[in-house]
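Engineer: My structure is below; once you've seen it, I'll send some questions.
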Amino acid sequence: MRKLDKVCQKFDDIMYGLISAISLKKVYEMKDRILIVDDEQDIVTMLEVFLSGEGYEVSTATNGKEALSLAEQQPPPSLILLDIMMPEMDGFAVCRNIRERVSCPILFLTARVEQADHILGFSLGGDDYILKPFNITELGARIQAHLRRERRKVESKRVYFDNIWIDYAARLVGCREAELPLARKEYEVLELLSLHAGQAFSRERIYERVWGYDAEGDSQAVTEHIKRLRAKLAQVDQEAHVETVWGVGYRWR
């Protein structure tokens, strides 16, 4: 009887292993889902046909409300192609509404070339601009590049700066084995600077990138967050990672 119990247990272990392997395989084989948002049906159809042919799962929306609903479905989209000029709710409003809940790349589709629009789009959390009319092959290459970057962020896990480590996927910061508790804006300032290590950012630019282009307040908030961030980092590491560049702003080193 005891021998039979062992055989049954061994069989259960094998079956559990097979089920786990199959489940894991399905996770890795999941297609990237791209959400297309544009009020011009011809463009939506063209992009849907092209991207489906490239092996992506595609969802489409022709207005901002549909986009908000589809963006929050699970699993979330891997990337969003978002038209700016739409009636009722434009692309900027859609981006503003979903950026807090969706972390995937957002690529704006637009015929507008004004620099102010680009600055606003980036400050709201956009990742790239595709000017209409666009070359669809180049668009496909940009999509691949953004998705590769996202995969590297997930796969790389922790990025080390001497004793300080940052897990961008999990939005965690620590020193050696201990996590460092940071407020949300403190982390976002650190993330911006560390992702562009060596590059100096003015207080105004940091404020626009982290707080948003149309946020109420001023860049003095950046000074206070940098001060608190430095104090927390100094508690666990002697190295001064956030450096003041006089007459310019701050940089990560």
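The values are calculated or read from the model by the stated rules, or taken from the named source; none is laboratory data. Every value quoted in this text rests on a predicted model; they were computed, and no experiment measured them. Ideal geometry is used to build each Cβ from the backbone, glycine not excepted, and the neighbour counts take in all protein chains shown.
Engineer: Kindly indicate whether any position in segment 105-118 is under 30 Å from LYS31 (Cα atoms), in a loop (DSSP other than H, G, I, E, B), touching a Lys or Arg at 6+ places or on another chain (Cβ under 6 Å) and assigned by TED's automatic domain parsing to the domain that holds ASP83.
Structural biologist: yes
Engineer: Also, I was wondering about something else. Take the residues in segment 230-253 that are of a type in the set (D, E, K, R) and at pLDDT 90 or above; name whichever of them is nearest to PRO181 (Cα to Cα).
Structural biologist: LYS232
Engineer: Right, here's the next one. Considering every residue within segment 182-196, establish whether at least one is over 25 Å from ALA93 (Cα atoms) and over 21 Å from the mean Cα position of the chain (by Cα).
Structural biologist: No, because not a single residue in segment 182-196 is over 25 Å from ALA93 (Cα atoms) and over 21 Å from the mean Cα position of the chain (by Cα).
Engineer: Let me ask another. Looking only at residues that are surrounded by fewer than 17 Cβ atoms within 10 Å (Cβ to Cβ) and under 18 Å from ILE34 (Cα atoms) in segment 101-118, which one is farthest from the chain's Cα centre (by Cα)?
Structural biologist: The extreme case among them is ARG101.
Engineer: Is at least one residue of segment 210-217 touching a strand residue (DSSP E or B) at 6+ places or on another chain (Cβ under 9 Å), buried (at least 16 other Cβ atoms within 10 Å of the Cβ), outside the structural domain of GLY121 (by TED's automatic domain parsing) and not hydrophobic (A, V, I, L, M, F, W, C)? Can you show your working first?
Structural biologist: Our first condition is that a residue be touching a strand residue (DSSP E or B) at 6+ places or on another chain (Cβ under 9 Å); within segment 210-217, this holds for none.
No, segment 210-217 has no match at all.
Engineer: I'm trying to understand the selection: among the residues of segment 124-179, which are surrounded by fewer than 16 Cβ atoms within 10 Å (Cβ to Cβ) and among the small types (Gly, Ala, Ser)?
Structural biologist: Matches in segment 124-179: ALA141, ALA145, SER156, ALA169, ALA170, ALA178.
Engineer: Can you pull out the residues in segment 45-75 that are among the hydrophobic types (A, V, I, L, M, F, W, C), surrounded by 15 or more Cβ atoms within 10 Å (Cβ to Cβ) and over 20 Å from ARG96 (Cα atoms)?
Structural biologist: Selection gives LEU47, PHE50, LEU51, VAL58.
Engineer: Something else about it: Give the number of residues within segment 127-169 that are touching a residue at least 24 places away in the same chain (Cβ under 8 Å) and under 15 Å from LEU190 (Cβ atoms).
Structural biologist: The total comes to 7.
Engineer: Somewhere in segment 162-179, is a residue in a loop (DSSP other than H, G, I, E, B) and hydroxyl-bearing (Ser, Thr, Tyr)?
Structural biologist: Filtering segment 162-179 down to residues in a loop (DSSP other than H, G, I, E, B) leaves 162-163, 168-171, 176-177.
Applying the additional criterion that residues be hydroxyl-bearing (Ser, Thr, Tyr) yields 168.
For segment 162-179, residues in a loop (DSSP other than H, G, I, E, B) and hydroxyl-bearing (Ser, Thr, Tyr): present.
Engineer: Next up: Specify which of the listed residues (SER23, SER59, SER69) is of a type in the set (S, T, N, Q) and either part of a strand (DSSP E or B) or modelled with pLDDT of 95 or more (or both).
Structural biologist: Checking each option against the conditions leaves just SER59.
Engineer: Among the residues of segment 126-161, which ones are modelled with pLDDT under 90 and assigned to a helix (DSSP H, G or I)?
Structural biologist: ARG148, ARG149, GLU150, ARG151, ARG152, LYS153, VAL154, GLU155, SER156
Engineer: I'd like to verify a number: residues in segment 26-44 that are surrounded by fewer than 13 Cβ atoms within 10 Å (Cβ to Cβ) and either more than 30 Å from CYS95 (Cα to Cα) or at pLDDT 50 or above (or both), how many?
Structural biologist: Residues meeting the conditions: 5.
Engineer: Next question, about the same structure. Would you be able to tell me the number of residues in segment 189-207 that are assigned to a helix (DSSP H, G or I) and loosely packed, with under 13 Cβ neighbours inside 10 Å? Steps first, answer last, please.
Structural biologist: Within segment 189-207, the first condition is being assigned to a helix (DSSP H, G or I), and the residues that meet it are 189-195, 203-207.
Within this subset, residues satisfying the condition of being loosely packed, with under 13 Cβ neighbours inside 10 Å are 204.
Total meeting the criteria: 1.
Engineer: May I ask you to verify whether ALA234 is part of a helix (DSSP H, G or I) and either free of Cβ contacts under 8 Å to residues at least 12 places away in the same chain or among the aliphatic types (A, V, I, L, M) (or both)?
Structural biologist: Considered against the rule, which asks whether it is part of a helix (DSSP H, G or I) and either free of Cβ contacts under 8 Å to residues at least 12 places away in the same chain or among the aliphatic types (A, V, I, L, M) (or both), ALA234 comes out as yes.
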